[in-house]
Each structure stands twice: as C-alpha cells, then as structure tokens.
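Report on the following structure.
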C-alpha cells in the first residue's frame with residue numbers, strides 16, 4: 001500500500017488534510033462534486049477516530065490511490081487497542097434524527113451515502129478504514 | 001475557513017468551509033442570534049456533520065423561543081447534504 005501522510009489527532013489538522021487531498025486530486029485528475037464528497041467522508045472518519053479513540057496519541061495516516069481507471073480508494077490508518085468497526089454501526093434513522101434533532105450518527109450516515117464501499121480491518125493494533133468511490137459520470141468526478 | 005457576516009439583524013451570511021475545526025467559533029457567533037433569522041448560504045462551499053449540528057442546535061434554540069432559522073441559496077453540494085440527512089424537512093430552505 002502507498003505510504004500516506006500523517007496528521008495529528010486534532011480538528012486543527014483538517015486544513016492540512018484538505019490541502020493534502022487537493023494535491024492528490026490534481027495528481028489523479030479528479031475534479032468536481034466527488035472531491036467535496038471525498039473531503040467530507042475523510043473528515044467524518046478522521047473526526048470519528050479523534051473523538052472516539054482518545055486512548056491513542058499516534059498520528060492518523062491518510063492516503064489516496066487510484067487502483068483502477070474507474071475507482072478511487074482512500075485509506076485511514078489509526079492505532080487502536082479496542083477496534084471500533086464503524087461499518088457495524090446501526091443504520092441511522094434519519095427521519096427520527098430530523099424529527100428529534102438529536103446530534104450523533106450523522107457523519108457515518110453521510111459517509112455511507114457518499115462512498116460506494118466502506119471497509120474496516122484491524123490487525124496488530126492498527127485499524128484500517130478503506131473508502132471506495134467509483135468514478136462515474138453520475139459521481140461528477 | 002468559515003466566514004460569518006451579519007448583514008442585518010435578521011440576515012447573516014456564511015461563506016467558505018464549515019468543517020469540524022470551525023464549530024467553536026460558529027457556535028459562539030451564532031449564539032448572538034435572538035430572533036428569526038435567515039442565513040445566506042450562497043457562498044458556503046462545504047458543510048460537514050459538525051457544521052450541521054451547530055445549525056441544528058441554533059435552530060432548536062430559536063425555535064424553543066418562538067423564532068425561526070431559515071436558510072437561503074445553498075449550492076447543489078450543500079443542498080445534497082441537507083437532503084441526505086432529511087434536514088431539508090426541518091429547515092425552511094429558500095432557493
């Protein structure tokens with residue numbers, strides 16, 4: 001796997017993360033709406049790691065690759081003793097959310113809505129989340 | 001970077017990117033709203049779930065006091081975020 005860039009676990013790193021992603025988009029020839037959708041999905045997963053994996057002081061590593069002509073894959077790697085598999089999180093009842101207006105769960109819901117695949121692996125104390133976006137005319141990449 | 005401007009007492013404008021790093025500043029600024037207000041989103045390029053939470057909390061606070069929070073002119077990406085979360089059913093969105 002391509003070596004990514006490491007970011008400190010704080011919301012203040014988001015500016016640097018978006019800058020890094022923009023550099024990668026240029027290299028991969030991505031444009032349009034799908035850049036915003038990848039930005040948003042990376043922010044949601046990154047912030048999920050920052051807020052829920054408070055026992056770690058390690059940096060979070062992010063990389064973006066184009067494994068094939070029609071696909072972009074984004075990897076977020078974090079040191080995590082107790083794995084939190086966000087793919088197993090219950091589907092958010094968005095209607096109930098909108099009705100009650102209770103915070104929580106929106107971020108993962110948006111990631112699932114915007115990405116074509118979300119995968120979770122955990123090996124030797126490292127959690128790896130893979131986001132896959134298919135490059136199609138509809139995705140406006 | 002998110003920019004929040006007060007245009008009139010009842011009209012404010014958000015521009016730039018409303019991500020998790022901006023929530024503290026945005027919450028502080030929007031806590032000044034005490035009456036029904038329209039937020040112009042024409043130049044808002046991006047909003048994440050943390051940004052949505054700030055808007056929802058502001059909506060709830062105003063609503064509990066009998067006031068409204070309306071949104072106007074979101075771009076298509078921002079509009080999609082409200083649609084995907086059904087918050088377009090909560091906020092009055094003026095095109």
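Here is how the numbers come out for the structure above:
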| read-out | value |
| --- | --- |
| Least to most buried among B:4, B:94 (fewest other Cβ within 10 Å first) | B:94, B:4 |
| Chain A: most fluctuating residue of A:119, A:88, A:66 per GNM, C-alpha cutoff 10 Å | A:88 |
| Three-way shape call for chain A based on the alpha-carbon gyration tensor, with the a/c threshold at 1.5 | oblate |
| Length released on extending from residue B:15 to residue B:34, taking residue separation times 0.36 nm less the Cα-Cα span | 4.7 nm |
| DSSP bridge pairs, the protein assembly as shown: antiparallel proportion in percent, nearest 5 | 70 |
| Two-site label geometry, residue B:75 and residue B:42: point separation in nm, points 7 Å out along Cα→Cβ | 1.4 |
| For segment B:42-84, alpha-carbon Rg and Dmax in angstrom | 11.1, 31 |
| Ascending count of other beta-carbon atoms within 10 Å, so fewest first, for A:114, B:1 | B:1, A:114 |
| Segment B:2-94: antiparallel DSSP beta bridges as a percent of all, rounded to 5 | 30 |
| Chain A: most fluctuating residue of A:96, A:16, A:73 per GNM, C-alpha cutoff 10 Å | A:96 |
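Just so you know, all these numbers are worked out from the coordinates, no wet-lab data involved. Remember, it's a predicted structure, so these values are computed and weren't measured experimentally. Glycine gets a Cβ as well: all are built from the backbone with ideal geometry, and neighbour counts include every protein chain shown.
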